[in-house]
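Novice: Please see the structure below; I have some questions.
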Amino acid sequence: MSAVRNIEAVPGRKQVRLGRLAWSLRPRSALVPAVCLVLLVLVAALNIGRGSSDIAVLDVLRTLAGGGDHAETGIIFDLRLPRTLAGVLVGAAFGLAGALFQTVARNPLASPDILGITWGAGVGAVSVIVLGGSAGQVSGAVAELGVPLAGLAGGLVAGLLLYVLAWRRGLDSYRMVLVGIGLAAIGHNVVYWLLTVGDVDDATRATTWIVGNLAGVGWEAIGPLALALALLVPVTAASVHTLGGLQFGDDTARGLGIRVDRARAVVLLLAAALAAVATAVAGPITFVALATPQIALRLVRSPQPPIVGSMILGALLTVGADLAVRTVAPGLPVGVLTAILGAPYLIFLFLRTRKEARA
Amino acid sequence: MTRPRLQAEHVRLGYDERIVVDGLDFDVADQSVTVIIGPNGCGKSTLLRGMGRLLRPRGGSVLLDGKRIDKLPTKDVARTVGVLPQTPSAPAGLTVGDLVARGRQPHQHWYRQWSAGDEDAVAYALSVTGMSSLADRAVDELSGGQRQRAWISMTLAQQTSLLLLDEPITYLDLAHQVDVLDLVYRLHTERGTTVVMVLHDLNLAARYADTLVAMHDGRIVSQGKPDEVLTEELLSDVFGLDAKVVADPVAGTPLVLPISAHLRDEA
C-alpha cells in the first residue's frame, strides 16, 4: 500500500494523507497563487527592463539567473533591481497586512490606509523629512535612517492607539473601523500641517513620499525591509490557525477555545507592523492593502482572505501598477495610480455592502 | 455521591454595570439532558454563557471537573465543553464542510493543522446530522433548519462530552424543531453526552428534559423532573401565565395549555 492515498471521507473535501497527517486538497488555493507567481516574475522582469535603455524580458531573466553580460549585470543589479524588489516586498507586506486586518475586523473596509496605520507612519516620516530639512535640526545619518524608522514607529503607535481606543471590554470590530477612520483623519491633518511648517523643498520631498513611491528606493532600504519581513511573516504564519476561528462571532470563537481578545491583539499588532514597515520604505501605496485580500478571496473562492494568495497578489498589483505608471506617465509615483484605482473600488464596496444588507 | 462535572458555585454573571445572575448554585447532572426555562430576561442565556466560559464570572466560580473553568487552558475547555451560541454568524460563502471542520480547532496546533482524526470527526459530525450531502453548500444559502443542523454539526465535530445549546430551535418550524431535538436526544442516548439547553417551548422542554430548571430574576426557582417543575403555580408565579397543565397524550409529560384572556372572560 502506498503511503499517500486520496480519499474522500468528507464529501467535497478531497484530501491527501501521509501516514497520520492529512491535508485537504483545494486546487484553487494552490493554483491561483502559482499563476500569480508566474505573472509576478514576468511583470517584475518587464519592470526591471524599463529604464533609460530598455532590456528585453528574456535578457533580464537570464541576468537574474546569473548569465547576463557585464554591462547588463551592472545596470540590473546596481540600479534597477532595488525598485522592483521593493515593489515585491512592499506589495506582499501590504497584501498580508490587509488580509489580517480584514479577517480580524470581519470587514472588507478594514485596511491599514483606512484605519490610520499608514497615516501614523506618514506622520512619523514626514516629521523627520520636514524637521530634518532647513526647518529643523535633524541632519546627516539620523535624517537618512530616520525616515523609515520614524515611519515604522508612527505606524506602530497608530496601531496601538487603534487597539487601546477601540477597546471596551473586548475589541469590537465595528468600533475598531470607526476609531480607525477617526485616527486616519487626524493623521492626515497632522501630515498636512507638517507640510505647511516645512519649506518648499522638504514639502515637495514629503509629498512624493506621502503619495507612495518606489522610484527612490535603493539597496540600503531593501536590507532592513527584507529582514523585517523575514521576522514578521513566519510569526504571522504560526498564528494563522486562529484566524479561521476569528471570522465567527466572539461567542463561537471562544467556544472553539480561542482567546479572542489576545488573538486579535496579536494579529492586529502584526498587521500594523507589516503595514508600517512597508509604508516606511515606499510611503502609503493606497488601495493595495484594501483591495488585494478581497480580490484574492474571490479568485481562490475561500471564505476569508487567503494569506499566501494575498501576499503574492499584493506584490503583483504593486509591481504591475508601477510598470503601468512608468509606461503611461513616466515620473509619476506609483501611489497616484493605486489611489485612482482605489476610489472607485471603495465606492463599489459600499454599494455592494448595501445591496447585501438589503438582501 | 460523586461531584458533577459541571457546576456553578455562588456564581455572579453580568454585562458592563448590570448584574444578571448573582450568587447562583447550579449542578448539571452528568449524562442527562437538562433544559433551562424561564421568561425573557431571566438570565437563562447568561447562565448558559457563564457555564460555557463565554462570560467570565464576576464572582463565585464555574467548575469543570472540580477546577475553575476560567483558570483552565481555553483549548482544554473547548475539548470538553461544546457551546452553540444563540445566533451564530458565519462569513458569507463559507461552506458547511469548512464550518464543521472549524470545530476541530481546539484539537489542532500551529504545527499540525489537520489530521486523519480530524477528518474522521468531521465526517461523523456531518453524517450524524444528515449534512453530508450538503457539505459543499454555502452556510448562508441553507434553510433555517439546515443551517442550525450545520452549526450543531460543527459543535459535534469538537467531540466534547458536554454540550451547551442556547435556544437551538428558535426560528425553526415545528417539524424542524422536533428534528433538531431528536438529534440532540440521540446524541445523549448513544454517546452519553451531557446536554444543557435553553428552550422557550415549554411543551418540548418537558418532553425532552431529564431535568427541568426554571429561572426567574436570575435565580433558580425550581429544579427537578418535568412533572415536578412544570406546575400551574409555577407558570403563574414565574411566567405570569394563567394556564392549565395536563398530561401530554403522546408522551405523558406535562403539557401547558394557556388560558387566553377571551376564554377567561367567557367563563
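Novice: Can you count the Lys pairs in the protein assembly as shown with C-alpha separation below 27 Å, eight or more apart or on different chains?
Specialist: Eligible lysine pairs with Cα atoms under 27 Å apart amount to 7.
Novice: If you don't mind, another one. What's the center-to-center distance, using Cα atoms, between segment A:209-239 and segment B:159-223 in Å?
Specialist: Between the Cα centres of segment A:209-239 and segment B:159-223 lies a distance of 54 Å.
Novice: Please average, across the residues of B:117-127, the number of beta carbons from any other chain that are within 10 Å of each residue's own beta carbon, and give a whole number.
Specialist: Taking the mean over all residues of the peptide, I get 3.
Novice: Hey, got the average number of other protein chain Cβ atoms within 10 angstrom for residues in A:245-253? Numbers along the way, then the final one.
Specialist: Details: counts 5, 0, 5, 9, 6, 2, 12, 12, 4.
That works out to 6 on average.
Novice: Neighbouring Cβ atoms within 10 Å as the yardstick, rank A:Asp261, A:Asp202 fewest first.
Specialist: Details: A:Asp261 15, A:Asp202 21.
If I rank by nearby Cβ atoms, fewest first, I get A:Asp261, A:Asp202.
Novice: Using only DSSP helix segments of four residues or longer, with each worth -39500 (n - 2.57), what per-residue ellipticity at 222 nm results for chain B after dividing by its residue count and rounding to 500?
Specialist: So the calculated ellipticity at 222 nm is -9000 deg cm²/dmol.
Novice: Let me have the 222 nm mean residue ellipticity of chain A computed from DSSP H runs of 4+ only, each contributing -39500 (n - 2.57), with the sum over all residues rounded to the nearest 500.
Specialist: The helix-only estimate for chain A comes to -24000 deg cm²/dmol at 222 nm.
Novice: To continue, here is another question. Percent antiparallel among DSSP beta bridges with both residues in segment B:6-266, to the nearest 5?
Specialist: Working: 26 of 43 bridges.
Percentage antiparallel, nearest 5: 60.
Novice: While we're on this one: So for segment A:227-359, averaging the separation of alpha carbon pairs under 8 Å that are six or more residues apart and normalising by length, what relative contact order in percent results?
Specialist: 19 percent
Novice: Shifting gears a bit: Taking the Kirkwood radius as the inverse of the mean 1/r across Cα pairs, report the Rg/Rh of segment B:6-266.
Specialist: Here the Rg-to-Rh quotient is 0.99.
Novice: Not counting the cut sites, what is the longest span of chain A without trypsin sites (Lys or Arg not before Pro) that DSSP labels loop and that have at most 11 other Cβ atoms within 10 Å?
Specialist: Free of exposed loop sites, the longest segment is A:170-359.
Throughout, read-outs are computed from the coordinates displayed, never taken from laboratory work. Keep in mind that this is a model prediction, so the values were computed, not measured. When we count neighbours, we look across all protein chains shown, and the Cβ atoms used for this are built from the backbone with ideal geometry, even at glycine.
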